[in-house]
Amino acid sequence: MATKTLHFPSPRHLTSLYGGREENLVHAERALGVKLVTREDWLRIDAPAEPLAKAEALFGFLDIARAQGMTIRTPDFHRIADSFARGEGNELRTMLDEPLVIATNRKTIVPRPSAKSSTSNRCSRTRLSSASAPPARARLTSRWPPPFPPC
């Protein structure tokens, strides 16, 4: 039985690879036939040679996928681990080797704030009353709480 230890930049980085859930590591152990131990920023894999290589390839794939922007959730982790257990890791790796990039005509997809600076200044200067009950005169003559000015 061979042992391999994989080191990662930080404990947070490692936990993001398996979605931060211990159940995902248990699923990978069952699917791949390995024993996984994780502490701080390292992951130790105990297994015979072939399952060890599959587990190392799985976490290498997850590391590259995360670097390219993938957020790994539990269903994603289960499907990817099952694919590597079936020996389909090379097909998944082609997704990362040839990523789909969608070009847009716009420079940004985040809307810009409007140029109405006078409105934003007026709203920031509005005082909010924290009174729990209106004055006696206000109960009879106006709505309480008073309406806020439109922003």
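Values for this structure:
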| read-out | value |
| --- | --- |
| Which listed residue is modelled with pLDDT of 95 or more and among the hydroxyl-bearing types (Ser, Thr, Tyr), from 118, 130, 83 | 83 |
| Index of the failed condition, residue 43 passing every other in (1) part of a strand (DSSP E or B); (2) over 20 Å from residue 70 (Cβ atoms) | (2) |
| Residues satisfying the stated conditions in region 35-55, i.e. closer than 12 Å to residue 6 by Cβ and surrounded by 17 or more Cβ atoms within 10 Å (Cβ to Cβ) | 36, 38, 43, 45, 52, 55 |
| Scan of region 6-34 for residues that are exposed (fewer than 13 other Cβ atoms within 10 Å of the Cβ) and either in a strand (DSSP E or B) or polar (S, T, N, Q) (or both), ordered by number | 7, 10 |
| Scope region 88-105; condition β-branched (Val, Ile, Thr) and closer than 15 Å to residue 69 by Cα; matching residues | 101, 102 |
| Candidate set: region 1-41, residues that are touching a residue at least 24 places away in the same chain (Cβ under 8 Å) and among the basic types (Lys, Arg); chosen: the one nearest to residue 62 (Cα to Cα) | 21 |
| Lone unmet requirement of (1) farther than 18 Å from residue 25 by Cβ; (2) in contact with a helix residue (DSSP H, G or I) (Cβ under 9 Å, 6 or more places away or on another chain) for residue 63 | (1) |
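The values are calculated or read from the model by the stated rules, or taken from the named source; none is laboratory data. All figures in this text were calculated on a predicted structure; none of them were measured in a lab. Here the Cβ is made from the backbone with ideal geometry for all residues, glycine too, and neighbour counts use every protein chain on show.
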